[in-house]
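Peer 1: Please see the structure below; I have some questions.
Bear in mind that the values in this text are calculations on the coordinates, not laboratory data. Bear in mind that the values here come from a model prediction, so they are computed numbers and not experimental data. Note that we place each Cβ from the backbone using ideal geometry, even for glycine, and neighbour counts take in every protein chain shown.
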């Protein structure tokens, strides 16, 4: 009997298209003798679809036609109901809605806001469906660059100096924030939306005019903005981690090739060829040209980041080396990395199908362990005469 795996992708995110590419790569990597893969595409409007049409990348050139051909589906927000239902024309919960598939586990391949940040993981946790990757808490902490850096710094993991604020603070306290940035960080700086990935909305600022423009750009994408001290003599290195927080392993390191001061969206996903190959398309050196002791230090730092943030499944940790003094800083973590970082694991001796096997096994193991925990008591305090003071019918 095959294991039915739902692969979720798309979503209401600026990284929607990258998610589609990553998901189709993952779907093609599953061993068809072991798994029955159910593709579930989440449209930019938040509707769910399935069907064989979703497996052809060319169909995504016309999203309206694609969703018209595909089957709209949903899952009930009921714990233990792992069925995928066809949405009936009379409404989601109309009589006659039929089961499209019974799911055994899920692999979310979703990037960015509203999907990678714990929101979608919360849906799966509510239903109880085993899923690969970080849970709600670690996804949220990993996605928000401010919270992530707070946690890492508190646990001794080095990060660059930064200043953060909200969009409302920017509109009401602009002059004071500029003064604080200039006093605490100086120039140049990097300005980022706090909760986006794929280098979306990121700008460099070398003076006050550029800073104002960069922050105005970042606040278009996020309510929280972070300004970081820029590492001028920068070498960017990535490392993937696979496993559980307390038992994980690190891949070889890679050095992505950038065309500017930092790795851009185009560097990551277009790779100069403009082909739709996801992170696989970007130019990179694998393994990175580093002294063995530096590579090992980065791998240990990546594993510690994974542990401190209570991560699970596969993540990619991006670090920065300041070549002026050799300092190494964690830049960010991608809890659902582009292309699932399969190219890093293949370079480490783990083939893509094996990576997918590991992710499914980790998902099922976490579910078994979670089911052994106590979440509710069998006793009903209302039946025992308990109540809430002041509530109608309760004790006075």
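Peer 1: Determine the gain in length on full extension of the stretch residue 204-residue 379; use 0.36 nm per residue of separation and subtract their C-alpha separation, reporting nm with one decimal. Before the final figure, lay out each step's value.
Peer 2: Details: separation 175, 0.36 × 175 = 63.00 nm, distance 5.83 nm.
Computed gain between residue 204 and residue 379 is 57.2 nm.
Peer 1: What shape does segment 3-131 take by its C-alpha gyration tensor, where a ≥ b ≥ c are the square roots of the eigenvalues and a/c under 1.5 counts as rounded, a/b above b/c as prolate, and the rest as oblate?
Peer 2: Taking the square roots of the gyration eigenvalues as a ≥ b ≥ c, segment 3-131 is rounded.
Peer 1: Test of understanding: what is the full-extension gain from residue 367 to residue 286, defined as 0.36 nm times their sequence separation minus their Cα-Cα distance?
Peer 2: Extending this stretch completely gives an extra 25.7 nm.
Peer 1: Fewest to most neighbouring Cβ within 10 Å: what's the order for 50, 335?
Peer 2: Final ranking by Cβ density, sparse to dense: 50, 335.
Peer 1: Let me ask another. Take the Cα coordinates of segment 161-229, assign each an equal point scatterer, and use the Debye formula without solvent to give log10 I(q)/I(0) at q = 0.14, 0.19, 0.23, 0.28 Å⁻¹.
Peer 2: Log10 of I(q)/I(0), two decimals: -0.32, -0.61, -0.93, -1.42.
Peer 1: Per DSSP H run of at least 4 residues, take -39500 (n - 2.57); add these up for the chain, divide by its residues and hand me the 222 nm value, nearest 500 deg cm²/dmol.
Peer 2: My calculation for the chain gives -9000 deg cm²/dmol from helical runs alone.
Peer 1: Would you order 314, 99, 252 from fewest to most other beta-carbon atoms within 10 Å of each residue's own beta-carbon?
Peer 2: Numbers: 314 30, 99 11, 252 18.
Fewest-to-most ranking of 314, 99, 252: 99, 252, 314.
Peer 1: Let me ask something additional. Quick check: residue separation of residue 3 and residue 172 times 0.36 nm, minus the Cα distance between them. What number comes out in nm?
Peer 2: Working: separation 169, 0.36 × 169 = 60.84 nm, distance 5.41 nm.
This chain segment gains 55.4 nm when fully extended.
Peer 1: So, in Å, what gap is there between the alpha-carbon centers of segment 282-348 and segment 175-198?
Peer 2: 24
Peer 1: Based on the Cβ-Cβ distance of residue 44 and residue 184, what FRET efficiency does E = 1/(1 + (r/R0)^6) give at R0 = 45 Å, to the nearest 0.05?
Peer 2: Here the calculated transfer efficiency is 0.70.
Peer 1: Can you sort 136, 67 by how many other beta carbons sit within 10 Å, fewest first?
Peer 2: Going from sparsest to densest Cβ surroundings: 136, 67.
Peer 1: Sort out for me the Cα centre separation of segment 13-50 from segment 107-171, rounded to whole Å.
Peer 2: Using only Cα atoms, the two centres lie 21 Å from each other.
Peer 1: Now, a different point. How big is the convex hull of the Cα atoms of the chain, per residue, in Å³?
Peer 2: Each residue corresponds to 199 Å³ of Cα convex hull volume.
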